[in-house]
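Each remark here refers to the structure printed beneath this line.
The values are calculated or read from the model by the stated rules, or taken from the named source; none is laboratory data. Everything numeric in this text was worked out from a predicted model, so none of it was measured. No Cβ is skipped: glycine too gets one built from the backbone with ideal geometry, and neighbour counts run over all protein chains shown. Just the protein is used for accessible areas: all its heavy atoms, side chains included, with ligands, DNA and RNA removed. Shrake-Rupley method; radii C 1.70, N 1.55, O 1.52, S 1.80 Å.
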Amino acid sequence: TWYVIARGLEDTGAYLLDTSVLPNADRVHLRITASDGVFRTSAVGAAPVAVRDPGRPWVELLAPEAGQRCAGLQEIRWRGVNPDQREAVTVRIELSDDRGATWQEVASGLELTGSLAWDTRETANGTAVWLRAVVVDGSGTMLALDALPSPVYVQGNAHPYALPLGLP
């Protein structure tokens, strides 16, 4: 998912990025899009950047590992920190089966550090699934996130309505 950080800027050849508008994350990809009103082009940075404001919450997704094969009940584990204890925050676990274009909530209102059992039987075999942990405040504003750099793969789940096929 791409978020607009700035729009309608003059072409000065540089932009000072205000990271206070971004959630804390270890892998933030930046994309620049230029348009003259007729033509439009975009470029994505060669490598992700880390955004770490020490005064704001952060979260780390610990399990499963990127590339892991998952079946049945799979543990999702995370660890988070909230340096400013004045604001109550919770964790939301999300998944995407379309390379991050959309995200579906797995669970919300979770403690900053914890785990849950994800039932992969609700996901079709062979599906590549991206997972992320998101720290949100009481209004749902994203304060920090950590996402797997590549998907996990659901395999080994028998569809509840699958019938074995055979030839006579």
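Taken along the Cα-to-beta-carbon direction at a fixed 7 Å, the label points for Ala43 and Ala124 span 3.8 nm. Counted by Cβ distance under 15 Å from Arg86, the other residues give a net charge of -2, where Lys and Arg count +1 and Asp and Glu count -1.
Rounded to the nearest 10 square angstrom, Asp36 shows an accessible area of 110 square angstrom against a 1.4 Å probe. Charges were assigned to the Cβ only: +1 to each Lys and Arg, -1 to each Asp and Glu. The resulting dipole of the chain about its Cα centre is roughly 260 debye. Taken over region 9-52, the percentage of Cα pairs per 10 Å bin, counting from 0 up to the bin with the maximum distance, is 22, 48, 27, 4.
Considering all C-alpha pairs of the chain, those separated by over 26 Å amount to 41%. Rolling a 1.4 angstrom probe over region 35-165 with all protein chains present gives an accessible area of which 51% lies on carbon and sulfur atoms. Think of a 1.4 Å ball rolled over the protein heavy atoms: the chain then has 66 Å² of accessible area per residue.
Net charge of the neighbourhood of Ala124, taken over other residues with C-beta under 15 Å away and scored Lys/Arg +1, Asp/Glu -1, is -2. Relative to one another, the C-alpha centroids of region 1-69 and region 98-131 are positioned 22 Å apart.
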